[in-house]
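Right, one structure below, let's go through it.
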Amino acid sequence: MNREEWVNKGFVDEPVDKSIDLKAAINELKKEKNAVILGHYYQKGEIQDIADYIGDSLALAQIAAKTDADILVMCGVHFMGETAKVLCPDKKVLVPDLNAGCSLADSCPADKFAEFVKAHPGYTVISYVNTTAAVKAVTDVVVTSTNAKQIVESFPKDEKIIFGPDRNLGNYINSITGREMLLWDGACHVHEQFSVEKIVELKAQYPDAVVLAHPECKSVVLKLADMVGSTAALLKYAVNSDKQRFIVATEAGILHEMQKKCPQKTFIPAPPNDSTCGCNECNFMRLNTLEKLYNCLKYEFPEVTVDPEVAREAVKPIKRMLEISAKLGL
Ligand code: 13P
C-alpha cells in the first residue's frame, strides 16, 4: 500500500478482489469498527442501498449530531463530511472519495465571501449548507433547503440579511417570504441546466404528470413546478400523492429512492439543456463507489479534517440551525 499516493489521489486506490462479496464485507467491517454509513439521496443507488441512513442534507446533519458510532462514513460530498466532522470533532469522519465535491460550494470561495460579509456591516449572514466549513465560520446561521424558509422567517421582517451561496434558492426564498436578502451569486451547475422547453414538451406529452423541482433550479423552471422542495420533501410528496407520473427536476439520484418507495409510479428525470443524456447526474458528487467504500472502511482513509479554529466557529451556525429546526419540528 502506498499512503502517499492515496493522499494525492484522495481515495484508496487499491484494486478490490473480484471474488469478495462487497456488501457482506462492508457490513462486516462496519460492525467490527462500530461505524455508521450515511448516504445522501444523490449518491449512486448501490451506495444508497448499503447506507444505514439515507436522507437530505438536514437529516444527515441531524443524524451525525446524534450518532454514538466511533467512525462516521459520509457517503456524500466533501462539505457534508466537513459538517459531520465539525459536529463530531472526536470521531473519525471518512468520505470514500475526498474529491466528491459540489459546484455550488465551489462557487463561494471562503476568502471572497468573508470580504463580501465585511463590506456589509450590520447584516445577518445566512448560508446554505452547501458551503465549506470556512464559509460557515463567517456565517450566523446555516440553512438547508428543508428549513431555509422557516429560518429566514424566524428573523424580523426588516432584518438585513446576506444569503449565500445559491442565487436561485435565495431568489426563491425572497419570492415566498417577501424579503429582499442580499444574494451571493453562486449556483449548482446541475440545477442550472434543466431545460424549460424540454419540461414543457414532456408536460405536453404527459399532461397528467406532476412537476417536482428543487429550489436550486432557476426561477423559470420553478414556475413550471407543481411542488418545490428539498429532496426529502419531493420524495414525501411523491409517496403521498395519488398521481402516477412525475417529472423530477433535481439530481437524478433521488429517483432511486422514489422508484423504490413507489414501484408502481413513473418518474421521469427532467432533461438538461445539453441533451447528450436524458437525465441530469452530477459527476462530482457520484465519485463514491462500493469499492471505495470498502477500502475506506478497511484502511480508515481518507479522513475529513477541519482546521480546529475554523471548526470552533463553523459549529456555531450549524448548531443554531439544528436548534431552530428542532423547535420548528423539522
Ligand atoms: P437537500 O437539502 O435536498 O439535501 O439538497 C442538498 C443539495 O446538495 C442540493 O444540491
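The values are calculated or read from the model by the stated rules, or taken from the named source; none is laboratory data. What you are looking at is a predicted structure, and each value in this text was computed from that prediction instead of being measured. Because the Cβ atoms are built from the backbone with ideal geometry, glycine has one as well, and the counts that use them run over all protein chains shown. Remember, those area values only see protein heavy atoms, side chains included, never the ligands or the DNA or RNA. Shrake-Rupley method; radii C 1.70, N 1.55, O 1.52, S 1.80 Å.
Before moving on, here are some points about what is shown:
- Nearest-0.05 FRET efficiency for GLU159 and LYS66, computed from C-beta distance (R0 30 Å): 0.50
- Computed from the Cβ-Cβ distance with R0 of 25 Å, the FRET efficiency linking LYS265 to TYR53 stands at 0.60.
- Taking 7 Å steps out from each Cα toward its Cβ at ALA114 and ASP140 produces label points 2.0 nm apart.
- Carbon plus sulfur fraction of accessible area for region 137-211, probe 1.4 Å, in percent: 50 percent
- Two-decimal Rg/Rh across region 17-120, once Rg and the Kirkwood Rh are taken from alpha-carbon atoms: 1.06
- Cα→Cβ-extended label distance, 7 Å offset, between MET227 and GLN150, nm: 1.7 nm
- Computed over every Cα-Cα pair of region 236-330 and binned at 5 Å starting from 0, the pair-distance distribution P(r) comes out as 3, 10, 12, 11, 11, 17, 17, 13, 5, 1, 0 percent.
- 20 Å Cα-Cα threshold exceeded, pairs from LYS33/LYS292; LYS31/LYS292; LYS223/LYS260; LYS203/LYS243; LYS136/LYS319: LYS223/LYS260
- When Rg and Dmax are taken over the Cα atoms of the chain, they come to 19.7, 63 Å.
- Euclidean distance of C-alpha centroids, region 53-107 and region 277-312, integer Å: 9 Å
- Surrounding net charge for ALA209, when Lys and Arg each add one and Asp and Glu each subtract one, Cβ distance under 11 Å: +2
- Residues LEU87, LEU293, sorted by accessible area with the largest first, give LEU87, LEU293 [1.4 Å probe; ligands and nucleic acids excluded].
- Centre-to-centre separation between the Cα atoms of region 183-232 and those of region 119-159: 24 Å.
- Only the Cβ atoms of Lys and Arg (+1) and of Asp and Glu (-1) were treated as charged; on that basis the dipole of region 1-99 about its Cα centre amounts to roughly 200 debye.
- Estimated FRET transfer efficiency (VAL220, SER241; beta-carbon r; R0 22 Å; 0.05): 0.40
- Most fluctuating residue given options ALA311, ALA204, ALA134, as computed from a GNM of the chain linking Cα atoms under 10 Å: ALA204
- When you count the other C-beta atoms within 10 angstrom of each residue and take the mean per peptide, 301-308, 259-266 line up highest first as 301-308, 259-266.
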